[in-house]
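Novice: Take this structure, written in structure tokens, and hold onto it; I'll ask about it next.
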Amino acid sequence: LQAMRLLYLTYYASLGALMPYLPVYYHSLGHKGTSIGLLGAVKPLTTFLAAPVWGIISDRSGNHVSTLQFTFLTSLVCQMLVGMNSNLTFLIVTVFITALLNAPVKSLIDSIVMSKLTSEEDKYQFGRMRLWGQIGFGVGSSLVGSLLSLHPAGGSSKPASPSASAAAGRSSDPTIEKIVEGIETGIEIAAETNVETTAISATKACNTLIEFAREIGSKTRSLKGYEWAFVLHAALSIPTFFCIRAFRPPKREVEALNQKKKQKKNALEEQKQTNIVNGLRLISKNSDALVFFFLVFVIGTSSGCIENFAYVRVREVGGTGNNMGMLRLVSSLAGAPMFWFSGPMTEALGNDIILVLSLLAYVARFFNYAWMKHPYHALPAEALRGITFALFWSSGSMYAHKISPPGMSATMLLTMNAMYGGLGQSLGAIIGGKLQTKFGTINTFIYSGIFDLCFVGSLVLYLLTRSDRAFS
């Protein structure tokens, strides 16, 4: 369990360091709402198309960890290229390639963790593992927010004197001190885990990261603006990779699996292909599953609109990097308890009520962002984001895993991710970009809130006409 916690903590910290700031980064490059919406749509749309394919490849290979290692590393390299050029065509191409490779990462991590939580005692553990991801995301985003305020893009870029450089090399910058302190805490967590490989690998990674942080401490004046987001995203990905490696199957199991594949290759492929086809047929006949994935798509559409323009709106009312980091930290801290209690709450309320509450939360958030006059007026919306997303994602993932046919757990989780983070968010980003360019950010949020409110009314009427509970 300690290894799972550390994996979620470091992985989502790396995401928090970059993902919330990408739309604002595009805006800082001079791109308009339509372009920001287009860039925001590329990744989710690519995820929608690629994620199920990666799921089938992973399920058929029988080795989710190898697929995860490959996609995680290659997508990280491509992600760093996004920060190297402001040309729109270049950004679209690099974002597309990154999304193509990164499509299965989140869902494969969830699938690997769920495959380890098989006992009755572990039935509530997934949400509690995912809690660490929520904390990591908040820490990563708030740290970058502080760095953006300390080292703005328009700040001084004078070279440091030799004495100043030496002092910075000793981490005299308080920001670097925070980085090092957080990393050293990560070492302590890794050392306490029962998985020896994880402790050793993560400790080595964190030691490397400490040296890296101290090295860039002497160059803090040469790093400015959103460069910090890309640098910290890469740095935090190092311990994440070693945590992923800790879940590799033992060497004997790998050798046995390879031998079995060689002996029964043709028969096994035919059997798996039949299982996949039959599994997809079973899902297509499950009306609850189809409605569930449609609702996940609608929630993803709202998310695509709000996530791409919420911080653009914060900037419109005078928000700084520090404000944005604090808002994201509040969101993460608000969601942390919900991940812990998501299992019992889902059992008490049911998946249908969870989905209705999630949509109502988007209505409230849209109106909150529309009528805000100060950056911290968005605090209720951010807290609501953390609470409802934690509950929605945890219960949704468990339901998708529950309805998956044998041997298709990764495919079902990737399908859910494709509907939410793929088709839904891409459509939401495109619609949001068009509306923001034509009507402005305020009216975009008002119109979106009204649409979601009407949709919730229709959904409630549908659920009331049923003779049984949906998604039970």
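The values are calculated or read from the model by the stated rules, or taken from the named source; none is laboratory data. These figures come from a predicted structure and were not determined experimentally. FYI the Cβ positions are ideal-geometry reconstructions off the backbone, even for glycines, and counts take in every protein chain you see. Note: accessible area is taken over every heavy atom of the protein model, side chains too, but ligands, DNA and RNA are not part of it. Shrake-Rupley method; radii C 1.70, N 1.55, O 1.52, S 1.80 Å.
Novice: Which condition number does Leu290 fail, the rest of (1) under 14 Å from Ser142 (Cβ atoms); (2) hydrophobic (A, V, I, L, M, F, W, C); (3) without any contact (Cβ under 8 Å) to a residue 12 or more places away in the chain being met?
Specialist: Leu290 satisfies all of (1) under 14 Å from Ser142 (Cβ atoms); (2) hydrophobic (A, V, I, L, M, F, W, C); (3) without any contact (Cβ under 8 Å) to a residue 12 or more places away in the chain except (1).
Novice: Looking at Thr98, Thr46 in this structure, which one is part of a helix (DSSP H, G or I), modelled with pLDDT of 90 or more and crowded, with 21+ Cβ neighbours inside 10 Å?
Specialist: Working: Thr46 fails: modelled with pLDDT of 90 or more.
Only one candidate qualifies: Thr98.
Novice: Considering only residues that are among the charged types (D, E, K, R) and farther than 22 Å from Ala470 by Cα, which ones fall in the stretch 380-409? Give the derivation first.
Specialist: First pass over the stretch 380-409, keeping only residues among the charged types (D, E, K, R): 382, 385, 402.
If the condition is that a residue be among the charged types (D, E, K, R) and farther than 22 Å from Ala470 by Cα, then Glu382, Arg385 are the ones that fit.
Novice: A further question on this structure: Could we say that Tyr362 is without any contact (Cβ under 8 Å) to a residue 60 or more places away in the chain, of a type in the set (Phe, Trp, Tyr) and out of contact with any Leu (no Cβ under 6 Å at 6 or more places or on another chain) here? Before the answer, list the steps.
Specialist: Numbers: without any contact (Cβ under 8 Å) to a residue 60 or more places away in the chain: no; of a type in the set (Phe, Trp, Tyr): yes; out of contact with any Leu (no Cβ under 6 Å at 6 or more places or on another chain): yes.
For Tyr362, the condition - without any contact (Cβ under 8 Å) to a residue 60 or more places away in the chain, of a type in the set (Phe, Trp, Tyr) and out of contact with any Leu (no Cβ under 6 Å at 6 or more places or on another chain) - is not met.
Novice: Something else now. Can you confirm whether the stretch 434-444 contains a residue that is under 20 Å from Ala361 (Cα atoms), of a type outside the set (S, T, N, Q), open to solvent by less than 20 Å² (accessible area, probe 1.4 Å) and assigned to a helix (DSSP H, G or I)? Break it down stepwise before answering.
Specialist: As a first pass, look at the stretch 434-444 and keep what is under 20 Å from Ala361 (Cα atoms): 441-444.
Pick out the ones that are also of a type outside the set (S, T, N, Q) and you get 442.
The next check asks that each one be open to solvent by less than 20 Å² (accessible area, probe 1.4 Å); those that pass are none.
Scanning the stretch 434-444, I find no residue that is under 20 Å from Ala361 (Cα atoms), of a type outside the set (S, T, N, Q), open to solvent by less than 20 Å² (accessible area, probe 1.4 Å) and assigned to a helix (DSSP H, G or I), so the answer is no.
Novice: Given the conditions (1) closer than 25 Å to Gly145 by Cβ; (2) under 20 Å from the mean Cα position of the chain (by Cα); (3) open to solvent by 10 Å² or more (accessible area, probe 1.4 Å); (4) at pLDDT 80 or above, which single one is not true for Gly319?
Specialist: (2)
Novice: Another question about this same structure. Could you grab me the full set of residues in the stretch 416-429 that are closer than 11 Å to Ser302 by Cα and aliphatic (A, V, I, L, M)?
Specialist: Scanning the stretch 416-429 gives Leu427, Ala429.
Novice: How about the stretch 122-151: which of its residues are under 13 Å from Val330 (Cα atoms) and open to solvent by 40 Å² or more (accessible area, probe 1.4 Å)?
Specialist: Once the filter is applied, which keeps residues that are under 13 Å from Val330 (Cα atoms) and open to solvent by 40 Å² or more (accessible area, probe 1.4 Å), the stretch 122-151 yields Ile135, Val139.
Novice: So which residues in the stretch 338-359 are open to solvent by 60 Å² or more (accessible area, probe 1.4 Å) and out of contact with any Leu (no Cβ under 8 Å at 6 or more places or on another chain)?
Specialist: Matches in the stretch 338-359: Phe341, Glu347, Ala348, Ile353.
Novice: Sticking with this structure for a sec: Output yes when any residue across the stretch 449-462 is open to solvent by less than 10 Å² (accessible area, probe 1.4 Å) and of a type in the set (Gly, Ala, Ser), and no when none is.
Specialist: The answer is yes, given that some residue of the stretch 449-462 is open to solvent by less than 10 Å² (accessible area, probe 1.4 Å) and of a type in the set (Gly, Ala, Ser).
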